[in-house]
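All remarks here apply to the structure that follows.
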Amino acid sequence: MTAVFGVDPGVNGALAVLLSAGDVAFVRGLKPDMTETDVDGIMDAMVSVMKGYESRIGFFEKVQHMTGDGGQGSHTFGYIKGYLRAGLRARGMVLIDVYPQAWQAYLGCLSGGDKNVTKRFAAALFPSLKVTHGIADGLLVAEYGRQRLSL
């Protein structure tokens, strides 16, 4: 295996692919105003990259809705999370669930809920990228997978 993907699900999440040396082969953030067609395009692009490296294994952050999001926020989160899971599996990808606390502890960047912690950590790990809150966790979930699979 020469590539692994990471998924931070949610309307402000991201999908990322890292190569065995840690190079970023793909990263795309998700936005609240994206349509299903937009998300399908991102999944198709990521899967194409993965297939180019003859890889299909990735790590999917196992998160729940945030307390205080309200009914609509919880519904939207659950919808996009399910849409990503089903879409990636239907495209032949293998998903390994990982809790945020697990990947953060493994990488040494426990955030305690402060997104700035993981953003700073990802920016230091991937200095050639303009790391945003939106893509930071997707990149770090992929990095966790890369290290765990020892690509």
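The values are calculated or read from the model by the stated rules, or taken from the named source; none is laboratory data. Being a predicted model, the structure only gives us computed values, none of them experimental. Positions of Cβ are generated from backbone atoms using ideal geometry, with glycine treated the same way; all protein chains shown enter the neighbour counts.
Condition (residue is part of a helix (DSSP H, G or I), hydroxyl-bearing (Ser, Thr, Tyr) and either at pLDDT 95 or above or more than 20 Å from Val27 (Cα to Cα) (or both)) applied to segment 121-143: is it met by at least one residue? Steps first, please.
Restricting attention to segment 121-143, the residues satisfying the condition of being part of a helix (DSSP H, G or I) are 121-125, 133-143.
Applying the additional criterion that residues be hydroxyl-bearing (Ser, Thr, Tyr) yields none.
No, that holds for no residue.
Any idea which of Gly41, Gly29, Gly52 is under 23 Å from Gln104 (Cα atoms) and either touching a helix residue (DSSP H, G or I) at 6+ places or on another chain (Cβ under 7 Å) or at pLDDT 95 or above (or both)? After applying the criteria, what remains is Gly29.
Take Asp97 and tell me if it is closer than 20 Å to Phe26 by Cβ, modelled with pLDDT of 95 or more and not aliphatic (A, V, I, L, M). Talk me through it step by step, then tell me what you get.
Numbers: closer than 20 Å to Phe26 by Cβ: no; modelled with pLDDT of 95 or more: yes; not aliphatic (A, V, I, L, M): yes.
Judged against the criteria, Asp97 is not a match.
Considering segment 4-14, the residues that are out of contact with any Pro (no Cβ under 9 Å at 6 or more places or on another chain) and more than 17 Å from Leu107 (Cα to Cα) include one that is surrounded by the most Cβ atoms within 10 Å (Cβ to Cβ), namely Ala14. Total residues in segment 127-142 satisfying the condition of being more than 15 Å from the chain's Cα centre (by Cα) and hydrophobic (A, V, I, L, M, F, W, C): the figure is 1.
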